[in-house]
Amino acid sequence: GPKVLQIPSHQIIDMGQMVTLNCDPVSNHLYFYWYKQILGQQMEFLVNFYNGKVMEKSKLFKDQFSVERPDGSYFTLKIQPTALEDSAVYFCASSFLDNQDTQYFGPGTRLLVL
Amino acid sequence: SQLAEENSWALSVHEGESVTVNCSYKTSITALQWYRQKSGKGPAQLILIRSNEREKRNGRLRATLDTSSQSSSLSITATRCEDTAVYFCATDASGYNKLTFGKGTVLLVSP
């Protein structure tokens, strides 16, 4: 089936540094999402993105977070500066439509902030 | 409080048996989705059931939705070892694919 890729699979950084998580969504998809999963907890919605704009974001999407997809390349989540509580697995997803359409998830990027 | 929640932390069955995972949710929804996540992979959608549907099937999988009790179930018949995974229900209250996931039920299918 359609595949979403995420790069890198793992990232370890020091608190205060910047990190960029990259997502290669399904090629004809128009809607893009980031979710965060802390170990042992449920996956939580961060943000969705369409036509170059953030459509909706949750309270977890702090001011230090930003997303973009310049020129149809990777859909990125940037955290600057990082904090200890940002340690989690970040999942990217994409869908063709927004209304109840299937979201295809990537394998996740495991971020550890020291 | 959890907006979507599976009712069991873990289930264990033998190959060939049937199993049911239950989920309850707290808000009005437009749709409920069941996902499966295998170790090291992202979630994969199994079934999407809309709020005006009561039952949906996909091969060996059957999902039900009861909007009056705000609950859903996912049944798997003739289980296989490769069904071993974490099963999540996820609700969409907005209709715009902003999913709220439960914590998941670990299903172990042994030979």
(request) Beyond 20 Å between alpha-carbons counts as too far, so tell me which of B:Lys38/B:Lys98; A:Lys3/B:Lys26; B:Lys38/B:Lys103; A:Lys53/B:Lys26; A:Lys3/A:Lys59; A:Lys59/B:Lys98 fall in that bin. (result) B:Lys38/B:Lys98; A:Lys3/B:Lys26; A:Lys53/B:Lys26; A:Lys3/A:Lys59
(request) Would you mind getting the accessible area per residue of the range A:5-113, heavy atoms of the protein chains only, 1.4 Å probe, in Å²? (result) 49
(request) Could you pull the accessible area for B:Glu82 with a 1.4 Å probe, rounded to 10 Å²? (result) 100
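Please report, in whole Å³, the volume per residue of the convex hull around the C-alpha atoms of chain B. Walk me through the numbers on the way to the answer.
Numbers: hull volume 10.4 nm³, N = 111.
Convex hull of Cα atoms, per residue: 94 Å³.
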(request) Name all residues of the range A:1-25 having a backbone nitrogen under 15 Å from the label point set 7 Å from the Cα of A:Leu114 along its Cα→Cβ direction, giving them as ranges. (result) A:11-18
(request) Find how many whole Å separate the alpha carbon centroid of the range B:44-111 from the alpha carbon centroid of the range B:4-38. (result) 5
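Could you tally the net charge around B:Ala31, taking each other residue with its Cβ under 15 Å from the Cβ of B:Ala31, Lys/Arg +1 and Asp/Glu -1? Please report the intermediate quantities before stating the final value.
Details: positive: B:Arg50, B:Arg54, B:Lys56, B:Lys98; negative: A:Asp98, A:Asp101, B:Glu53, B:Glu55, B:Asp66, B:Asp92.
Residues close to B:Ala31 contribute a combined charge of -2.
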(message) Using Stokes-Einstein with the Kirkwood hydrodynamic radius over Cα pairs, what translational diffusion coefficient do you get for the range A:5-113 at 10 °C and a viscosity of 1.306 mPa s, in µm²/s rounded to a whole number?
(response) 115
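Would you tally the net charge around B:Arg60, using a Cβ to Cβ cut-off of less than 11 Å, leaving B:Arg60 out, and scoring K and R as +1, D and E as -1?
+2
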(message) Given a 10 angstrom Cα cut-off, can you work out which residue in A:Gln100, A:Gln11, A:Gln42 is the most mobile in a GNM of chain A?
(response) A:Gln100
(request) Over both sides of the A-B contact, add up the buried accessible area with a 1.4 Å probe and give it to the nearest 100 Å². (result) 1800
(request) Please find the FRET efficiency linking B:Asn22 to B:Arg80, where r is the Cβ-Cβ separation and R0 is fixed at 22 Å, and quote it to the nearest 0.05. (result) 0.60
(message) Just to be sure I understand: with springs between alpha-carbon atoms less than 10 Å apart, which residue in B:Ala31, B:Ala85, B:Ala44 has the highest mean-square fluctuation in the Gaussian network model of chain B?
(response) B:Ala44
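Mean shadow of the protein assembly as shown, computed from the convex hull of its alpha carbons, in nm²?
Details: hull surface 48.5 nm².
Averaging across all directions leaves 12.1 nm² for the Cα convex hull.
The values are calculated or read from the model by the stated rules, or taken from the named source; none is laboratory data. This structure is a prediction, so every number in the text was calculated from the model and none was measured. As a convention, Cβ positions derive from the backbone with ideal geometry for all residues, glycine included, and neighbour counts pool all protein chains shown. To get the accessible areas, we keep the full protein, side chains included, count just its heavy atoms, and leave off ligands, DNA and RNA. Shrake-Rupley method; radii C 1.70, N 1.55, O 1.52, S 1.80 Å.
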